[in-house]
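The values are calculated or read from the model by the stated rules, or taken from the named source; none is laboratory data. A quick note: this is a predicted structure, and the numbers were derived from the prediction, not measured. Counting neighbours? That spans all protein chains shown, and the Cβs are built from the backbone with ideal geometry, glycine included. For the accessible areas, the whole protein counts, side chains as well, though only heavy atoms, and no ligand, DNA or RNA atoms are used. Shrake-Rupley method; radii C 1.70, N 1.55, O 1.52, S 1.80 Å.
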Amino acid sequence: MQHEHNHDHMVHLDNQMNGSVMSTPDPHMHHHTTPPQEHSHGGGMMMMEMTFHFSYKNVPLLFSGLVINTAGEMAGAFVAVFFLAMFYEGLKIARESLLRKSQVSIRYNSMPVPGPNGTVLMETHKTVGQQMLSVPHIFQTVLHIVQVVVSYFLMLIFMTYNAYLCIAVAAGAGTGYFFFSWKKAVVVDITEHCH
């Protein structure tokens, strides 16, 4: 009985949030049509756009208390997000550079490989090692955590579907790549998290 009441209540809440009216056989249910922007069921829930939009009013940014309501706030958020995306790109390149500098032991291993017509070729492999409890590895781990957090922040910002903020993420990432990656050799990064 309690389960049915909870299910009916959740359906009723869903219909309220969508702006529709639904009559239910439960006499304890509330029958009113409050627009979703004005109705809060104790959780302070805010409806978000699910399509790209150019708006600077009532735009949530990562935290419930951080809401953009003016064009000036949007301009400030655009600049901050742009630099956050640039920082993310710079952090990726810095981690890669630090990793190359901290590689401690290099070993070369040769092994026979079958060649054409029954010949044997020697193939040399370069093995690079690093100790798990070394300062460089711990520093890399901390930087990796920062990189993951920043990448998820950028993903969540993009998921606001606010076109200004999406442009800031893309333009910042592109600018960061332009400035930080120009010396880098072409490397495919398979550890990329969000794009």
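Observations
- Tally of residues being under 10 Å from the mean Cα position of the chain (by Cα) and among the polar types (S, T, N, Q) across segment 148-186: 1
- Test result for Val11, open to solvent by less than 50 Å² (accessible area, probe 1.4 Å) and either in a loop (DSSP other than H, G, I, E, B) or at pLDDT 65 or above (or both): no
- Only a single criterion out of (1) under 24 Å from Ala77 (Cβ atoms); (2) modelled with pLDDT under 85 is not satisfied by Trp182, namely (1).
- Within segment 64-95, being touching a Gly at 6+ places or on another chain (Cβ under 9 Å), open to solvent by 40 Å² or more (accessible area, probe 1.4 Å) and outside any helix (DSSP H, G or I) holds for one residue alone: Ser64.
- Selection status of Tyr177, open to solvent by 70 Å² or more (accessible area, probe 1.4 Å), modelled with pLDDT of 90 or more and either among the hydrophobic types (A, V, I, L, M, F, W, C) or on the phi < 0 side of the Ramachandran plot (or both): yes
- For beta carbons closer than 7 Å, sequence separation of 6+ or different chains, a first residue in segment 158-173 that is within 14 Å of Met86 (Cα to Cα) and assigned to a helix (DSSP H, G or I) and a second that is of a type in the set (Ser, Thr, Tyr) and open to solvent by less than 10 Å² (accessible area, probe 1.4 Å), the qualifying pairs are Ala173/Tyr88.
- A single member of His193, His125 is at pLDDT below 90, within 28 Å of Ile68 (Cβ to Cβ) and not hydrophobic (A, V, I, L, M, F, W, C), and it is His193.
- Restricting segment 96-112 to residues that are in a helix (DSSP H, G or I) and of a type outside the set (A, V, I, L, M) leaves a set whose member that is modelled with the highest pLDDT is Glu96.
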